[in-house]
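Below is one structure; the comments refer to it alone.
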Amino acid sequence: MNYYEQNRQNFLEGLQTFLRIPSISTLTEHKPDIQCAAEFVRNELRAAGLANAELIEGEGNPLVYAEWTGAPGKPTLLLYGHYDVQPPDPLDAWKSPPFEPAIRGDDIFARGSSDDKGQIYILMKAVEGLLKSRGRLPVNVKFLIEGEEETGGEHIEAYVRSKPPRLRADAAVICDTEMFAPDLPTLCVGLRGIVYAELHVEGANHDLHSGVYGGAAPNPIQAIAEILSTLKDRDGHIRIPDFYKRVVQPAAKEREAWARLPFDVAEYTHKEMGSKELVGEPEVELFERLWARPTLEVHGIRGGFTAEGAKTVIPARAVAKISTRLVFDQRPDEAFAQLQKAVKDSCPRGVTAEVKLIHLAAPSLVNPDNPFIRAAADAMKQVFGKETVYIRSGGSIPIVGLFDQYLGIPSVMMGFGLPDDNLHAPNEKFHLPNFFRGIEAVARYLEVLGA
C-alpha cells in the first residue's frame with residue numbers, strides 16, 4: 001500500500017477541516033475567516049515539506065507562497081488555486097449546513113468542496129505524498145494560492161504583474177475545472193473571459209407616489225428592463241454593435257471532437273440544470289454556445305419596494321448586476337466600452353444610466369499539442385484508464401490570462417470536478433473518488449514531466 005492509499009482518511013479529515021472555514025471573500029465580516037484559511041494553507045504546505053511557506057500581505061487578502069526547487073535541470077511548475085469561496089445563500093436550500101461538511105454516498109457536500117478547496121487540496125497532497133515517501137520531487141514546484149478569486153483577484157493580479165523572480169516557471173497547473181463526465185479524464189484548453197458590471201439608473205431625486213405621479217414620472221426599474229431588452233434578443237443574440245466582430249469560430253476538428261463526447265441532452269436539461277428546456281442561439285450547437293460564444297446575463301435587479309405587502313412607490317433609482325462572458329480574441333476593455341455605448345444609446349427619456357465596472361478578465365485558449373498539456377493527458381490516462389478528452393469551459397479563471405500575459409507561461413487545467421457539482425449554488429459537492437484519484441493523477445503528472 002503506497003502513501004496515498006495509506007493516508008486517504010487523513011486526507012479526508014484535512015479536507016473537512018479546510019471546508020469548515022467560512023472564507024467568503026465577498027463579505028467583509030468574514031475577513032478573520034479569510035486569514036484563517038490562508039494560514040491553514042500555509043501550514044499545510046509547510047507540513048508537506050515545502051520551503052519558504054509564507055503569507056504575502058498586500059492590498060487585499062493574503063496570497064500563500066511555498067516552493068520546492070531541488071531538481072536542477074527539471075521543469076518548474078507554478079501550482080495555483082484559491083482558498084476563498086462564494087456566499088452560501090440561500091441557506092434554506094441546503095440539505096446540510098454549508099460549512100459543516102457532510103458525506104452522502106460518494107460525495108462530500110460543503111461550500112468550496114469543488115470550487116476550489118477540494119481541488120487545491122489535491123495539489124497539496126500530491127506534492128506531500130512524493131516528498132514524504134521519496135524525500136524529493138521529480139520536478140520543481142512553486143505554490144501560489146490566492147483568496148480573492150471570487151471577487152476579481154486584484155491582489156494576485158498586481159503581484160503577478162510585478163513579475164517577481166520567484167514566480168519564474170515553465171508552466172502553471174490549475175485544478176479549478178471539471179471532468180466532462182465521471183471517470184472520464186479531461187483537460188480544459190479554453191476559458192471564457194468576463195466583464196462584470198453594475199447598471200445604475202436614476203430618475204427623480206426621491207421616491208414618488210405612483211397614484212399621484214404615475215403616468216408622468218420616469219421609472220428606473222422600467223428603464224432598466226427597456227435597456228436590457230435592447231442588449232439581447234429573445235433568441236440569445238447579443239445586440240451590442242460589433243460585439244461579435246472578434247469572435248473566432250472553433251476549428252472543424254474541435255467541433256468533431258465535441259460531437260463525440262458522451263452526452264445526454266435530456267439529462268443535462270432536466271437533471272443537471274433542472275430546466276424545462278434549453279434556450280440560446282438556435283442556429284448554434286450547444287457546446288459551441290457554452291464554450292465558444294459570448295453571452296450576456298442579468299444576475300440581479302434591486303430597487304423600489306420588495307418586502308411583503310404593498311407599497312405604491314415609483315423608485316428614484318435602480319441597479320442591475322450584469323455580466324458578459326467573452327471568448328478567445330475578444331478584449332475585455334473593448335467589450336466594456338461597447339457595453340457602455342450600447343447602454344447610453346438605449347437609455348430612455350427621463351432617466352440617466354451609468355455602467356460601473358466591477359471586474360474583468362480576458363478569455364484564453366491553449367494549444368493541446370503543448371508538451372505540458374500532452375504530459376498531463378498521459379498522466380490522467382494512466383490513472384483513470386481511459387483516453388483523455390479535451391474540452392473548453394464556459395467559466396472564467398482570470399489568472400490564466402495573467403500568467404500568459406506577464407509570466408509568459410501556459411496553464412495546464414487538469415480539474416477533477418463534475419458538471420453537477422453545484423458550483424456557486426446550494427448543495428455544492430465534490431466526488432470523493434475524483435478527489436483521491438486526482439491526488440494520484442497530479443503526482444503521476446509530476447513523475448511524467450520529471451522522467
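Near the amide H of HIS359, under 5 Å away, which other amide H atoms are found, from residues 5 or more places off or on another chain, if H is placed in the peptide plane?
TYR196
Just report the Cα centroid separation between the stretch 357-380 and the stretch 1-74, whole Å.
The two parts, judged by their Cα centres, are 23 Å apart.
Quick one: length gained pulling ARG239 to ARG374 fully straight, 0.36 nm per residue minus the C-alpha distance?
44.7 nm
Write down, largest first, the equivalent ellipsoid semi-axes of the chain in whole Å, where each equals the square root of 5 times an eigenvalue of the alpha-carbon gyration tensor.
Result for the chain: semi-axes of 40, 24, 22 Å.
Separation between the TYR406 and LYS31 pseudo-spin-labels, each 7 Å from Cα along Cα→Cβ, expressed in nm?
Inter-label distance under the simple model: 2.3 nm.
Semi-axes of the equivalent ellipsoid of the stretch 216-318: what are they in whole Å, largest first, if each equals the square root of 5 times a C-alpha gyration tensor eigenvalue?
Semi-axes (√(5λ), whole Å): 37, 20, 9.
With helices defined as uninterrupted DSSP H runs, which ones in the chain have an alpha carbon span along their own long axis of at least 18 Å and mean Kyte-Doolittle hydropathy of at least 0.0?
Span-like helices, by this rule, are 117-134, 371-384, 432-450.
Could you give the longest part of the chain that holds none of the GluC sites (Glu not before Pro) found in DSSP loops with at most 10 neighbouring Cβ atoms within 10 Å?
60-276
How big is the stretch 67-108 in terms of Cα radius of gyration and Dmax, in angstroms?
Looking at the stretch 67-108, its Cα Rg and Dmax stand at 18.6, 54 Å.
Report the full-extension gain for the segment LEU286 to ASN43: residue separation times 0.36 nm, less the Cα-Cα distance, to one decimal in nm.
83.1 nm
Given the Cα-Cα distance of LYS356 and LYS344 and 0.36 nm per residue of separation, how much length would full extension add, in nm?
This chain segment gains 3.1 nm when fully extended.
Pairwise over distinct Cα atoms, reciprocal of the mean inverse distance: report the Kirkwood radius of the stretch 178-222 in Å, one decimal place.
Over the stretch 178-222, the inverse of the mean reciprocal pair distance is 15.7 Å.
Set the Förster radius R0 to 51 Å, insert the Cβ-Cβ distance between SER162 and ALA216 as r into 1/(1 + (r/R0)^6), and round the FRET efficiency to 0.05.
With R0 = 51 Å, the Cβ-Cβ based efficiency is 0.40.
Could you grab the relative contact order for the chain? Cα pairs under 8 Å, six or more apart, rounded to a whole percent.
25
Under a plain spin-label model, where a point goes 7 Å from the Cα along Cα-to-Cβ, how far apart in nm are ALA266 and GLN382?
Going from the ALA266 label point to the GLN382 one covers 4.1 nm.
Given a cut-off of 18 Å, what percent of all Cα-Cα pairs of the stretch 364-446 lie beyond it?
Result: 52 percent of Cα pairs exceed 18 Å.
With r defined as the distance between the Cβ atoms of LYS276 and GLU308 and R0 fixed at 30 Å, what FRET efficiency is calculated, to the nearest 0.05?
The value I calculate is 0.60.
Since every read-out is calculated from the coordinates, none of them should be taken as a lab result. Bear in mind that the values here come from a model prediction, so they are computed numbers and not experimental data. Cβ sites come from the backbone with ideal geometry, for glycine too, and all protein chains shown count toward neighbours.
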